[in-house]
Structure formats: C-alpha cells, structure tokens
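Colleague: First the structure, which I've put down as structure tokens, then a few questions once you've had a look.
The values are calculated or read from the model by the stated rules, or taken from the named source; none is laboratory data. None of the values given here were measured: they were computed from a predicted structure. Counting neighbours? That spans all protein chains shown, and the Cβs are built from the backbone with ideal geometry, glycine included. To get the accessible areas, we keep the full protein, side chains included, count just its heavy atoms, and leave off ligands, DNA and RNA. Shrake-Rupley method; radii C 1.70, N 1.55, O 1.52, S 1.80 Å.
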Amino acid sequence: MTEVSVTKDATPPAGDALVALSQVNKHFGALHVLQDIDLTIARGEVVVVIGPSGSGKSTLCRTINRLETVDSGAITIDGKPLPQEGKELARLRADVGMVFQSFNLFAHKTVLENVMLGQIKVRKTDKKAAEEKARALLDRVGVGTQADKYPAQLSGGQQQRVAIARALAMDPKVMLFDEPTSALDPEMINEVLEVMQQLARDGMTMVVVTHEMGFARSAANRVVFMADGRIVEEAVPDQFFSNPRSDRAKDFLSKILHH
Amino acid sequence: MFDFLEGYDLLGAFWVTVKLTALSAVGSLIWGTLLAGMRVGPVPVMRGFGTAYVNIVRNIPLTIIIVFTSLGLNQTMNITLGATDFSAINFRLAVLGLTAYTSAFVCEALRSGINTVPLGQAEAARAIGLSFTQTLRLVILPQAFRSVVGPLTNVLIALTKNTTVASAIGVAEAAYLMKGMIENEAQLLLISAVFAFGFIVLTLPTGLILNWVGKKLAVKR
C-alpha cells in the first residue's frame, strides 16, 4: 500500500461541480485521517463512499459542512469556499442537508416541530407554510401519522426518515448521509434506503457514507473507496463491484461480499 | 400559648422573605443562564469571564457579599439602585447581592445539565443552519433545564434560606423580625420554632412541586 495513485474510472462532468475538495488534509493528533483528498461531486450526482472502519469516510463527509475543520486544502460548495465559523457558515450549512448515524432528532420537540424548526428560525418561513411543508415531507417519507409524537416514541427507522425530512425541509443543494443505516435494526434498514433511493431518482445530489453495498450498486453514480485516509479507487458501481482495480478494494470486497 | 406573637407582623416579615426569594430567583436564573452560555461559548474572553466569576463569587461567604452591597456599593459609591428611602435601597441591594451570589450556583447546575445533552443534538442544530446562540437557546438549554430541575430546586431552597442574611443590612424579613422578638420576648424556643416552621412552609411545597414538574418535563431519549 505504498502506491498512492488513485484509480479513476469515473470522472464527473467538469464545470458543474457542486462540491469540490482539493488537497484536503486532516489530523486527529498523530493520526492522519484525511490525506490529500481530491473529490468533486457534480450537481445531481449520487456518490457513495465506502471503505473499512477508520478509513476516514465519516470524517470526509463531516468536513463538507465543516462539522469537522480541515488542516489544509480547500473545500468549495457551489463555487464558494467554506467560510469560518459564524453567520455565513450557518447560512451555508442550511444549504447542505445532513443525516447522522444516530438520527439526532431534537429530543424535546415533536416530530413536526423537528421538521419546522429550521424553516422558521433559519429560512424565516411563516409558521403555517412551514407546517404545511413539514407535513408534506413527513408524508413523503412515510411517517405523516407520527407528526405529533416525540422522537423517543418512534422506531429507529422512523426516526431516521424524520431526520431525512428535517434535512429536506431546508431545500438543500446537497444531502450528506453519514452511515444512515448503521444504527438500525436489520428490518428497518430498507425503509430508510427506499426513501434514499427515491431521493436519488428525484435528482438530489447526495454523498452517502454507507456499508450498504446493495444501495451503492443500485443508486450510486459513482463509488469512492477509501482506506487509511486516502481515496484509493473511484469507479462506477458495476465496474467497482465486478472488477475492482486496487488490491485494497479487492481485499475489502472479498471480506464483505462472500460469506 | 402564642400570645407573644401579638403586635408583631409575622406575615409581613415572611412576605418580604418571599419577595426577596422570588426576585432573586428570577434574577439569578437569568444571570446564571447567561453565565452558563458564556462558559460553554466559543469566545475565549467570555469563557474566561464566566469561569472567573463563578469561581470567585461562589467562594465568598454570602454575608460578605451582602454587607459589601451596603457598605461598598451604597455607602462608599452612593449607588441607590433607583430607590430613595432606606428600606427600599437595602431591599434592592439585598436582591442584587443574592442574585450575584446565587447565579454562580445556577450557572454550574445548568452547565452540568448542558453536559447531559448529547453532542449530536448540537451538531444536528448546526447542520440545519442554526447559529451558536440559536443552537443554545432552541435546542441545548431547553433540554439542559429539564434535566436540572432537581439541582435547581436545591439552589432555590438554599436561596430561600439565604435571604435571612439580608437582615445583616437591615432588610425587615423573617430573620430580622425574629431577632427583634428574641430580644423582647421570653419564649425563645417557641420563637425559633415558629420561624423554622415558617421556612419549612415556604420550602417544602416548593421542593415537592418542582420534583413533580421535573419528572413531567424530563426528556425521553
């Protein structure tokens, strides 16, 4: 694994980059978690990031809306570089939807209030319009009947779908999914993946960190394989899964696909 | 048996205690919350101020703070807090001193409550574009308050009893009246018992009610 060249079989159409990372580096103490990351995500593209635990894929996802800062390199969203912490960054985050592994719904607010909060406080939408939109989104992800419950009263799959609705309520330009199904019971994974499939079909730009290879195969335009803080391979899903180029990817796939 | 109570305005004195408690409670809740906000905030100067304030103020005896408001603020610096007569000035000074002191404890109780709110809540709030103050005000503090109703009840009960220190600067609350009665009457034990009972009447229901409120408000995770 001394060879650092990235195998690129899928290059996004140039000129329509929505998210662009160039030469991004980050350390956690002595650990070099992101090493010279170059990644461009085009408008409408669905990029799935896979790789072994500790490969830096979650960190990569979190740098895109600056929940993690980077040590060096540049990240731009829609042509604008990520600003420092403050009003401008908050404005930019509103345009970048994020779905977490542990849902992170606001525990003291009802499902409906969760989806309305950002609209009212950030987008300054009036209450009635916000509620209408929240109810429509909750219907869309299939939890419309749970609107008045509190997050703790919902199953994990339902909570995650609410979290997706909460992110969608901001009309984001891009959605980041940080292992959205990793904390779910097996029978709830599909209900969340279906919502994500639908989003992908509707043309949402998505960055998805996941271990769900089925989702990667069916919904991704491009698979990015990370290991040890580097992007080792980028390819269209068919090619990546049937004919991985790098040894690291072959090794990874052999461990997860055949058992 | 209780003839000795005649001629004394017991209710009036306890009413002053209640007013001291209520005003100081509201004041310290506000100032304590602001201090907690400073202590968890991203601005180093404010964090430093909050930390210094709490560590200095909570380690000074309340008596010294209350006496300082009178001798230092009023008599040396001529601060009257907008009042003209002696008793109103001292009452306001006592509220100021009690608020300054109790806020330090409110701040620390609240800060421990903030630490019970999972980090993911703040991350989710920031991810939808809320600013630091919005995140604190709309997501973190509401959950933090609910988890510290118990500790804040303790602070409130302590505050109720601490109001007796205001007698040191001549505020005519319960303990002030008690001192007067002890000088003029013979039933020393009974007098103490009456005042002890008066404070229990104030604090016991407070504790019971807030305990119930705390259970009702608890955030389920």
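Colleague: How many residues does the stretch A:70-84 hold that are under 12 Å from A:VAL19 (Cβ atoms) and surrounded by 13 or more Cβ atoms within 10 Å (Cβ to Cβ)?
Modeller: Residues flagged as under 12 Å from A:VAL19 (Cβ atoms) and surrounded by 13 or more Cβ atoms within 10 Å (Cβ to Cβ) within the stretch A:70-84 amount to 5.
Colleague: Still on this model: Which condition number does A:SER155 fail, the rest of (1) hydroxyl-bearing (Ser, Thr, Tyr); (2) under 13 Å from A:LEU105 (Cα atoms); (3) in contact (Cβ under 8 Å) with a residue 60 or more places away in the chain being met?
Modeller: That leaves (3) as the condition not met.
Colleague: Okay, moving on. Take the residues in the stretch A:48-69 that are β-branched (Val, Ile, Thr), surrounded by 16 or more Cβ atoms within 10 Å (Cβ to Cβ) and in contact with a helix residue (DSSP H, G or I) (Cβ under 9 Å, 6 or more places away or on another chain); name whichever of them is farthest from the other protein chains (Cβ to nearest Cβ).
Modeller: Ranking the qualifying residues of the stretch A:48-69, first place goes to A:ILE50.
Yes or no, residue by residue, for (1) under 28 Å from A:ASP36 (Cβ atoms); (2) among the hydroxyl-bearing types (Ser, Thr, Tyr); (3) within 14 Å of chain B (Cβ to nearest Cβ):
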{"position": "A:PRO186", "(1), (2), (3)": "no, no, no"}
{"position": "A:VAL192", "(1), (2), (3)": "no, no, no"}
{"position": "A:LEU199", "(1), (2), (3)": "no, no, no"}
{"position": "A:MET204", "(1), (2), (3)": "no, no, no"}
{"position": "A:PHE225", "(1), (2), (3)": "yes, no, no"}
{"position": "A:ASP228", "(1), (2), (3)": "yes, no, no"}
{"position": "A:SER246", "(1), (2), (3)": "yes, yes, no"}
{"position": "A:LEU253", "(1), (2), (3)": "yes, no, no"}
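Colleague: Would a scan of the stretch B:124-133 turn up a residue that is on the phi > 0 side of the Ramachandran plot and either away from chain A (no Cβ under 14 Å) or not in a helix (DSSP H, G or I) (or both)?
Modeller: Yes: the stretch B:124-133 contains one or more residues that are on the phi > 0 side of the Ramachandran plot and either away from chain A (no Cβ under 14 Å) or not in a helix (DSSP H, G or I) (or both).
Colleague: Would you say A:ARG166 is under 20 Å from B:VAL117 (Cβ atoms) and of a type outside the set (Val, Ile, Thr)?
Modeller: yes
Colleague: Which of the residues spanning the stretch B:161-174 are open to solvent by 50 Å² or more (accessible area, probe 1.4 Å) and within 13 Å of B:LEU20 (Cα to Cα)?
Modeller: Within the stretch B:161-174, B:LYS161, B:ALA172 qualify.
Colleague: With (1) without any contact (Cβ under 8 Å) to a residue 24 or more places away in the chain; (2) open to solvent by less than 40 Å² (accessible area, probe 1.4 Å); (3) not small (Gly, Ala, Ser) as the list, and B:ILE140 as the residue in question, which single condition is left unmet?
Modeller: With respect to (1) without any contact (Cβ under 8 Å) to a residue 24 or more places away in the chain; (2) open to solvent by less than 40 Å² (accessible area, probe 1.4 Å); (3) not small (Gly, Ala, Ser), B:ILE140 is out only on (1).
Colleague: Would you check if A:VAL174 is under 25 Å from A:ILE77 (Cα atoms) and open to solvent by less than 10 Å² (accessible area, probe 1.4 Å)?
Modeller: So A:VAL174 fits the description; yes.
Matching residues to (1) touching a helix residue (DSSP H, G or I) at 6+ places or on another chain (Cβ under 8 Å); (2) free of Cβ contacts under 8 Å to residues at least 24 places away in the same chain; (3) open to solvent by less than 20 Å² (accessible area, probe 1.4 Å):
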site	(1), (2), (3)
A:THR205	no, no, yes
A:HIS211	yes, no, no
A:GLY214	yes, yes, no
A:SER218	yes, yes, no
A:GLY229	no, no, yes
A:VAL236	no, no, no
A:SER242	no, yes, no
A:ARG245	no, no, no
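Colleague: Select from the stretch B:175-221 the residues that are of a type in the set (A, V, I, L, M) and within 14 Å of chain A (Cβ to nearest Cβ) and write down the one among them that is most open to solvent (accessible area, probe 1.4 Å).
Modeller: B:LEU217
Colleague: Can you report the number of residues in the stretch A:80-103 which are out of contact with any strand residue (DSSP E or B) (no Cβ under 9 Å at 6 or more places or on another chain) and either within 9 Å of chain B (Cβ to nearest Cβ) or at positive phi (or both)?
Modeller: Residues meeting the conditions: 10.
Colleague: If you don't mind, there's one more thing I want to ask. Can you tell me which residues in the stretch A:114-137 are more than 8 Å from chain B (Cβ to nearest Cβ) and buried (at least 20 other Cβ atoms within 10 Å of the Cβ)?
Modeller: A:ASN114, A:VAL115, A:MET116, A:GLN119, A:ALA130, A:ALA134, A:LEU137 - these are the residues of the stretch A:114-137 that are more than 8 Å from chain B (Cβ to nearest Cβ) and buried (at least 20 other Cβ atoms within 10 Å of the Cβ).
Colleague: Hey, among the residues in the stretch A:138-158 that are open to solvent by 100 Å² or more (accessible area, probe 1.4 Å) and over 22 Å from B:ALA127 (Cα atoms), which one's nearest to the other protein chains (Cβ to nearest Cβ)?
Modeller: Ranking the qualifying residues of the stretch A:138-158, first place goes to A:GLN153.
Colleague: Against the condition part of a helix (DSSP H, G or I), in contact with a Phe, Trp or Tyr (Cβ under 6 Å, 6 or more places away or on another chain) and within 14 Å of chain A (Cβ to nearest Cβ), how does B:VAL139 come out, does it pass?
Modeller: Here the answer is yes, as B:VAL139 does meet what is asked.
Colleague: Identify the single condition in (1) in a helix (DSSP H, G or I); (2) exposed (fewer than 15 other Cβ atoms within 10 Å of the Cβ) that B:THR84 does not satisfy, given that it satisfies every other one.
Modeller: For B:THR84, the exception is condition (1).
Colleague: Consider B:ALA158 carefully, then state whether it is open to solvent by less than 60 Å² (accessible area, probe 1.4 Å), under 30 Å from A:GLN101 (Cα atoms), modelled with pLDDT of 95 or more and in a helix (DSSP H, G or I).
Modeller: No.
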